[in-house]
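What follows is one structure encoded as structure tokens, with my remarks underneath.
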Amino acid sequence: MATPLDSLRERLLRAGVAPRHVRRYLTELADHLSDLRAEEEHAGRSKADAESAALVRLGRIDDLSRAMICQRQFQSWCARAPWAMFTVAPLLALAAAYFVACLILWSGWRILLPGSDTPFVPVDGLAVYYFGLGRMIYYVTPVAIGWGICLLAARQRSKAAWPACGLILTALVAGTARVHAGRPAGFGGIGRVGMSFELGPSLPAVAGSLSHVAAVLLLIGLPWLAWRIQRAGSLSA
Amino acid sequence: MIYLESLGIKFAVATRETNPNFMNGVPELLILRLLQQGEMYGYEIVQEIRSRTGSVVAVGEGVVYPVLHVLEREGALASKRRTVGGRSRIYYVVTPLGTRRLTVLSETWNQLAAAIQRLLKGGNLGDATRFSS
């Protein structure tokens, strides 16, 4: 059964109060309630009477929530600027991860495969781990970022629109990203690594890219979808 | 009054209508004054306010925490977690900035209270007449 403090937590999170402020407020309220309960019991009330008297003295949920919500400085960034937290920040993080992955590919190519025209060749020894690290960053980061969006949205009880935008953008970028590497003539023999974001030159390629986008979206959005369904079920119950 | 009630602070005296800015800073003033005498945790603060004001200022007990958190965030208070009697509590203490703020708030409040007292006792009525004529 939900306690009054549970419903206060939900109300504060939905109003955009940052989870760490909610956690601290509720911890102090729980301690305070416990002191009030002890005081009322000491005054001779029964356990049940002491509990209800303590709750009355603590304050109505409306008052307790309003006192916190009216302090704008306790609002989370997800509430203040959801567009930045759910779309811009994930895309910047993804760009940074892709940059690191490309840097690993380029440096590994120069150091470990100096004579090769492309870094996309079978490798062995240390090169397996080095290129493997870059590949892991390239493939795992979009999923980690997507799950980060889900976690943030769930923790902050965010409305669906901005997290959904963030997930779709992340899936689009991850699903259409292509890494190119080549050693152009007249460039001093130094290989170049670059990235492009495209659906593809032909219809089958476009279909392949779109199915890749859909697969990434499903993978990163599924936890949040499951959480929302489970939450809707528990609220309606 | 809206401001104070948003902080859960109610006055036992009957008030029909009040300028919200009129009593701004009262919760901060009371809390800073109490904590200047020593560190306390939320429950202690509320009980002290109640006992020292003869229950005239009755704080909706839980709403003292947002005020404490704001003061801490603004640097007027510092907090530390301590375990006393097997229970972990967050104790608050006034910082030098809080002491300066208390001085300012006290002066403002004293001026306000003195002005109201003068008015209630009928002083400076000549001035009031001059203003209205």
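Each pair of Cα atoms in the stretch A:116-237 enters the Kirkwood radius, and Stokes-Einstein at 25 °C and 0.890 mPa s then converts it into a translational diffusion coefficient of 144 µm²/s.
Taking every alpha-carbon pair within the stretch A:4-74, the share separated by more than 18 Å comes to 40 percent.
For the protein assembly as shown, just say rounded, prolate or oblate: build the C-alpha gyration tensor, square-root its eigenvalues into a ≥ b ≥ c, call rounded for a/c under 1.5, and beyond that prolate if a/b exceeds b/c, oblate if not. Prolate shape, in that a/c is at least 1.5 and a/b is the bigger ratio. In this simple spin-label approximation, A:LYS159 and A:ALA81 carry label points 7 Å from Cα along the Cα→Cβ vector, and these lie 2.0 nm apart. Charged side chains reduced to their Cβ positions (Lys and Arg at +1, Asp and Glu at -1) give the protein assembly as shown a dipole of some 300 debye around its Cα centre. Estimated from helices alone, the mean residue ellipticity of chain A at 222 nm is -23500 deg cm²/dmol (sum of -39500 (n - 2.57) over DSSP H runs with n ≥ 4, per residue).
A short reminder: the numbers here are calculations on the coordinates, not readings from a lab. Keep in mind it's a predicted model, so treat the numbers as computed, not measured. Methodologically, a virtual Cβ is constructed for each residue, glycine included, from the backbone with ideal geometry; neighbour enumeration extends over all protein chains shown.
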